[in-house]
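The values are calculated or read from the model by the stated rules, or taken from the named source; none is laboratory data. In this text the structure is predicted, and so the values were computed from the model without any measurement. In this analysis, Cβ positions are derived from the backbone assuming ideal geometry, glycine residues included, and neighbour counts consider all displayed protein chains. Note: accessible area is taken over every heavy atom of the protein model, side chains too, but ligands, DNA and RNA are not part of it. Shrake-Rupley method; radii C 1.70, N 1.55, O 1.52, S 1.80 Å.
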Amino acid sequence: MRLTYKYRLFPTAAQRTAMRRSLDACRWVYNKVLETRKEAWEQRQESVSLYDTIKMLPGWRQDHPFLNDAYSQCLQEACTRVDLAFKAFFRRVKAGEKPGYPRFKGAGWYKSFTYPQHGFRLDGDRLYLSKIGGVRIVLHRPLEGEVKTLTVKRDALGNWYACFSVEIEPDPLPPSPHVVGIDLGLAHFATLSTGEQVPNPRFFRQDERALAKAQRRLSRCDKGTAEYRKHQRVIQHIHQRIANRRKDFAHKLSRRLVDEFQIVVFEDLDIRDMQKNGYRSLHKSIGDAAWNQLVQYTRYKAEKAGRECVLVNPRGTTQECSNCGEVVPKNLSTRVHECPHCDCVLDRDLNASLNVLARGLASMGLDP
């Protein structure tokens, strides 16, 4: 299985400049490839393949010497990114989704470059990168598995990270007799079929006032000034702090779930559809909860640990009685499930989590 290990880099001033130049060269190639493929289709109805664009790189490097600031395979990977963007575009067209034609990347919107095979070497606390040199790296945990690719990434605050994509073998945990169904919500972040309720941390709400204050200060500044950039950085720092807290929460909870339960069952929620259609008044709270993040982290941890993470259809899990299976209609304000058919009385979220567990076990051919 594939995993990604992310480590913080601490480049010198000269290395930061070299990394920015490499990033700009890759961004230029990305935009040039997109322009070439777009014009070829619009003007001549021709499709330009990935390998056609890679063959153009030597000529571009002769005409534009600044492209030599980037490692050759990093430039080839930029061509691959465009090809993947077009494949995703055509897939969405065929599926009847909103297509989203590939876009040109402006400064600040292209944030990483990748060494697909070679051009990097890890030696102690130094990561040697072609065209950049030995950059200090903090290995806060061991790097396991066979390294396949390395992506050097810059965040909004200008910090640099090394993301190693590695191939590893699963490391199964001892079997557990416990299984759990999980209902994700807003009143409680998660309700487990065991009866446990995980409080909703509401990380965005915690910093909402500070963010609004920083945004008001930014609105009073003229764009391009030092004062504008100062307040813009404050806003970026607040957003990153929220994201880091949310990630830490999801990692810890997913780790605990995988360690304790052999089978973990979630609802297969369509978050975007919920925000746009069914729960538009709650779109900010739904986005703050970041349920998909927990599901994603649990799935890859479960795969590595030899556990099962199952997604089931969420339709009707709240309405059905977990005891007798009859449908008991209720709206969002009804917090208690009271079944008139079997006299079952439960918290509505606990009732839903029991239904989620039953559906997950049934999908695996197991008895609830």
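Accessible surface of Cys324, taken over heavy atoms with a 1.4 Å probe and every protein chain present, rounds to 60 Å². The ellipsoid equivalent to the alpha-carbon distribution of the chain has semi-axes of 44, 25, 24 angstrom, derived from the gyration tensor eigenvalues as √(5λ) and listed largest first. Remark: region 138-246 carries a charge dipole of roughly 1180 debye about the Cα centre, counting +1 on each Lys and Arg Cβ and -1 on each Asp and Glu Cβ. From most to least packed by mean Cβ count within 10 Å, the peptides 289-295, 196-202 give 289-295, 196-202.
Counted residue by residue at 0.36 nm each, then reduced by the alpha carbon distance between them, the extension gain from Ala156 to Thr225 reaches 23.0 nm.
Taking one quarter of the surface of the convex hull spanned by the alpha-carbon atoms of region 210-365 gives a direction-averaged projected area of 12.5 nm². Based on the Stokes-Einstein relation at 10 °C and a viscosity of 1.306 mPa s, and on the Kirkwood radius from alpha carbon pairs, region 109-182 is assigned a translational diffusion coefficient of 107 µm²/s. Most fluctuating residue of Pro142, Pro58, Pro172 in a GNM of the chain with Cα springs under 10 Å: which is it? Ranking Pro142, Pro58, Pro172 by mean-square fluctuation puts Pro142 first. Of the trypsin sites (Lys or Arg not before Pro) found in region 220-270, those in coil by DSSP whose Cβ has at most 12 other Cβ atoms within 10 Å are Arg220, Lys223.
Solvent-accessible area per residue in the chain equals 56 Å², computed with a 1.4 angstrom probe and all protein chains kept. For region 12-70, carbon and sulfur atoms together expose 48% of the accessible surface, with a 1.4 angstrom probe and every protein chain in place.
The mean sequence separation of alpha-carbon pairs under 8 Å and at least six residues apart, normalised by the residue count of region 118-238, gives a relative contact order of 12 percent.
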